[in-house]
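Okay, so here's the structure we're looking at.
The values are calculated or read from the model by the stated rules, or taken from the named source; none is laboratory data. Remember, it's a predicted structure, so these values are computed and weren't measured experimentally. Every residue, glycine among them, receives a Cβ derived from its backbone with ideal geometry; neighbour counts consider all protein chains shown. Surface accessibility is based on the protein's heavy atoms, side chains included, excluding ligands, DNA and RNA. Shrake-Rupley method; radii C 1.70, N 1.55, O 1.52, S 1.80 Å.
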Amino acid sequence: MASEVVAEGQPDRVGLADPPGHFGPYGGRFVPEALTAALDGLDAAFAQAMADPAFHAELERLQRTYTGRPSPLTEAVRFGQEHCGGARIFLKREDLNHTGSHKINNVLGQALLTVRMGKKRVIAETGAGQHGVATATAAALLGLDCVVYMGEEDTRRQALNVTRMRLLGATVVPVTAGSRTLKDAINEAMRDWVTTVDETHYILGTVTGPSPFPTMVRTFQSVIGQEAREQLLEETGRLPDAVAACVGGGSNAMGIFAAFLEDPTVALWGFEAGGEGVETGRHAARFAGGAPGVLHGARTYVMQDKWGQTVPSHSISAGLDYPGVGPEHAWLHDTGRAHYAPVTDVEAMDAFERLCRTEGIIPAIETAHALAGVMRLGRDLGPDGVILVNLSGRGDKDVATAARWFGLPAVDEAAEGR
Amino acid sequence: MTALADTFARAGAEGRAALIGYLPAGFPNRDDSVRLMRAMVAAGVDIVEVGLPYSDPLMDGPVIQAAADQALRGGTTPADVVAVAGEVAQSGAATVVMSYWNPVERFGVEAFARDLAAAGGCGVITPDLTPEESADWAEATAAYDIDRIYLVAPSSTDQRLRTVSDACTGFVYAASTMGVTGARSSVSGAAESLVARVRAVTDLPVAVGLGVSTGEQAAEIAAYADGVIVGSAFIRLVLDAPGIDEAEAAVTGLARELAAGVRRRRIDGGPVT
């Protein structure tokens with residue numbers, strides 16, 4: 001467990017003695033009592049599955065034959081030389097997974113658990129739509145009913161993924177409450193779950209939420225770091241100086257960090273959405289602009305006002321537009337094992353364009369935040385530096401946003417010959 | 001004896017269930033929320049549950065969400081909620097606050113208990129706090145004689161009912177159904193068996209909430225529970241009223257109907273247990 005690695009000599013856990021599902025003072029379970037039985041059941045099903053070789057074999061088979069794992073490790077030579085101070089940059093290609101992002105890793109694990117628990121229906125929240133698409137995909141594969149909650153604002157900016165989910169047979173419910181983004185989609189998914197918990201599993205898409213979700217999702221995503229560590233050692237004969245990832249809820253980051261937590265020479269860097277700048281208040285930088293609190297079932301860093309009301313986040317990327325963050329990240333932040341820094345919309349879109357032009361890879365805008373961070377890290381490390389970055393998703397879903405940003409003709413205009 | 005224990009004891013002595021009415025502080029505005037809650041008390045509500053409006057009320061249905069939104073847009077703060085609870089308590093009714101956990105933690109766990117006690121409030125219902133996360137809260141509420149009310153649900157195991165009931169003081173809040181707040185045409189049959197299971201593990205009064213909106217339902221629940229909790233139905237009336245006078249009249253009317261309901265169990269429901 002990662003928390004054990006860093007817990008030595010740190011402040012004692014809060015609450016009753018040694019409660020499970022905590023990362024230092026963070027995590028835990030802050031949920032309506034109606035969900036306690038379901039979370040206990042999920043905890044037990046997850047533990048049983050982890051101890052069952054048949055579960056691992058089935059998950060491994062799907063990862064290999066359906067997702068396309070292992071995903072390649074690509075050295076971004078031109079990007080490194082031209083934009084990262086000459087450092088060697090290695091991209092862990094989660095964008096090449098089936099459905100186009102790392103989200104499928106967690107979804108296949110939880111979907112198999114759903115079947116083991118005898119449930120017939122799954123629900124999910126989604127921001128950028130990648131988790132929703134992955135959930136709709138797994139539901140189709142395993143014959144489960146699927147409902148995806150998505151903020152109305154996000155259905156507009158990620159319209160391509162809404163159509164993908166519907167093609168896959170899922171029901172997409174646009175959420176019109178609150179800020180109409182990921183936070184509100186999670187509220188609505190929780191309300192569904194508390195009402196339908198007997199027959200429904202909530203496939204939470206990231207390392208947030210009540211225990212056991214943060215640990216379970218991290219476990220299912222840790223395949224990213226395990227593969228990348230092996231691939232990089234084979235390629236370079238050494239560990240990286242830094243591992244970088246974007247952090248919304250933080251599942252792609254935990255997935256790649258997990259394999260390096262016990263390597264003290266490897267710096268871990270999470271890049272959160274700085275939006276229009278932390279000083280403007282229009283951002284999603286929980287560490288730079290938030291404070292410890294409770295949101296969506298866990299104690300963690302939360303963007304909140306002086307009265308504890310959640311403050312709406314802002315980011316050009318729907319997947320990072322969330323006022324909370326996984327509790328394990330909160331703990332890694334406080335212990336200093338990982339570092340977190342904001343990246344603005346402008347910096348992210350600049351990195352987005354540079355990767356497109358130097359490597360022939362269109363990243364998701366979420367991922368572009370990590371790439372902007374890598375440009376900073378590379379310039380600090382110089383030509384001797386080796387950086388591993390999680391290329392968590394591909395940018396097909398973002399072409400309309402990017403076209404607007406760069407002043408290119410919109411997709412439908414291009415289709416008309418403009 | 002705390003105000004809640006006293007209220008349940010008096011209702012029990014009269015052979016009826018206690019009536020608990022909920023409205024968010026600051027809805028439809030600060031002063032009118034006090035006026036409406038006092039009107040409830042004048043019409044027969046025994047215990048007032050003052051809602052603390054929160055940005056992410058994940059256990060609430062659309063009606064309470066709408067009221068909380070309106071209260072937040074009006075600038076209602078947790079400090080206002082404590083003050084409103086104090087003003088309502090002056091009516092003589094036992095007054096508790098219902099709050100999601102983050103605003104309490106942000107206010108300061110001890111400060112919240114202290115300020116609420118100083119204002120005249122007597123308890124706090126915490127729908128998303130579990131006993132496992134409550135060490136500081138248990139200490140603070142004990143220090144200021146504030147009752148701690150947790151929820152149990154039909155899905156709670158017997159072991160869990162014992163854990164949660166042991167952590168409660170004042171009363172145990174039994175959620176009648178699996179779901180969020182909001183009026184329902186019938187109250188789930190799960191409520192009666194849940195109350196029986198809670199009684200097996202505690203001597204505390206048990207009150208039933210979620211989905212109750214009519215005198216008929218109140219009477220039905222009063223036959224087996226010590227308290228009947230009504231929230232969304234009051235809010236619905238306020239949302240639908242053209243003005244505050246009409247809202248007050250409607251709230252008064254419903255409170256009277258419910259107060260009559262919780263008194264009918266002796267006639268309809270057989271002898272008092």
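A few points about this structure:
- Taken over segment A:346-367, the criterion of being within 18 Å of the chain's Cα centre (by Cα) and acidic (Asp, Glu) is satisfied by A:GLU366 alone.
- Number of the exception - A:GLY326 against (1) under 17 Å from the mean Cα position of the chain (by Cα); (2) within 14 Å of chain B (Cβ to nearest Cβ): (2)
- Complete set of residues in segment A:255-288 that are touching a strand residue (DSSP E or B) at 6+ places or on another chain (Cβ under 8 Å), small (Gly, Ala, Ser) and surrounded by 20 or more Cβ atoms within 10 Å (Cβ to Cβ): A:GLY255, A:GLY270, A:ALA273, A:GLY274, A:GLY275, A:ALA284, A:ALA285
- Flag if A:ASP145 is surrounded by fewer than 19 Cβ atoms within 10 Å (Cβ to Cβ), acidic (Asp, Glu) and in contact (Cβ under 8 Å) with a residue 24 or more places away in the chain: yes
- Taking helices (runs of 4 or more DSSP H) as the structural unit, those lying wholly within segment A:15-122 and holding at least 1 residues that are within 14 Å of chain B (Cβ to nearest Cβ) and at pLDDT below 95 correspond to A:36-50.
- Residue that is nearest to the chain's Cα centre (by Cα), among those in segment B:47-63 that are more than 9 Å from chain A (Cβ to nearest Cβ) and crowded, with 24+ Cβ neighbours inside 10 Å: B:GLU49
- Scanning segment A:211-218 turns up one or more residues that are closer than 30 Å to A:ALA87 by Cα and at pLDDT 95 or above.
- Count of segment B:1-43 residues which are in contact with a strand residue (DSSP E or B) (Cβ under 6 Å, 6 or more places away or on another chain), part of a loop (DSSP other than H, G, I, E, B) and within 17 Å of B:ALA222 (Cα to Cα): 1
- A:PRO292 passes every criterion in (1) open to solvent by 10 Å² or more (accessible area, probe 1.4 Å); (2) assigned to a helix (DSSP H, G or I) apart from (2).
- Only one of the numbered conditions (1) touching a residue at least 24 places away in the same chain (Cβ under 8 Å); (2) acidic (Asp, Glu); (3) open to solvent by 20 Å² or more (accessible area, probe 1.4 Å) is violated by A:ASP40, and that is (1).
- Yes/no for B:VAL88 being of a type outside the set (Asp, Glu), free of Cβ contacts under 8 Å to residues at least 60 places away in the same chain and within 11 Å of chain A (Cβ to nearest Cβ): no
- Within segment A:378-392, tally of residues that are surrounded by fewer than 24 Cβ atoms within 10 Å (Cβ to Cβ) and out of contact with any Leu (no Cβ under 9 Å at 6 or more places or on another chain): 6
- Residue in segment B:66-73 that is within 14 Å of another protein chain (Cβ to nearest Cβ), surrounded by 24 or more Cβ atoms within 10 Å (Cβ to Cβ) and closer than 18 Å to B:ALA250 by Cα present: yes
- For segment B:230-248, residues that are outside any helix (DSSP H, G or I) and crowded, with 21+ Cβ neighbours inside 10 Å total 2.
- Sole exception among (1) over 23 Å from the mean Cα position of the chain (by Cα); (2) in contact (Cβ under 8 Å) with a residue 12 or more places away in the chain; (3) open to solvent by 60 Å² or more (accessible area, probe 1.4 Å) for A:TYR66, by number: (1)
- Residue within segment B:220-229 that is at pLDDT 95 or above, within 14 Å of chain A (Cβ to nearest Cβ), outside any helix (DSSP H, G or I) and within 21 Å of B:ALA85 (Cβ to Cβ) present: no
- Listing of strands (runs of 3 or more DSSP E) fully contained in segment A:150-251 that carry 3 or more residues being more than 14 Å from chain B (Cβ to nearest Cβ) and touching a residue at least 60 places away in the same chain (Cβ under 8 Å): A:242-246
- Residue match in segment B:226-237 (condition: more than 19 Å from the chain's Cα centre (by Cα) and under 29 Å from B:ARG148 (Cβ atoms)): no
Here is a yes/no grid of residues against (1) of a type outside the set (Phe, Trp, Tyr); (2) closer than 19 Å to A:ALA273 by Cβ; (3) at pLDDT 95 or above:
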| residue | (1), (2), (3) |
| --- | --- |
| A:HIS369 | yes, yes, yes |
| A:ARG376 | yes, yes, yes |
| A:ARG379 | yes, no, yes |
| A:PRO383 | yes, no, yes |
| A:LYS397 | yes, yes, no |
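- Qualifying positions in segment A:254-287 - aliphatic (A, V, I, L, M) and in a strand (DSSP E or B): A:ALA267, A:LEU268, A:ALA273, A:ALA284
- Those residues of segment B:81-113 which are closer than 16 Å to A:VAL294 by Cβ and either of a type in the set (Gly, Ala, Ser) or surrounded by fewer than 19 Cβ atoms within 10 Å (Cβ to Cβ) (or both), in sequence order: B:SER99, B:GLY108
- When B:THR214 is tested against (1) β-branched (Val, Ile, Thr); (2) open to solvent by less than 10 Å² (accessible area, probe 1.4 Å); (3) closer than 17 Å to B:TYR22 by Cα, just one condition goes unmet, and that condition is (2).
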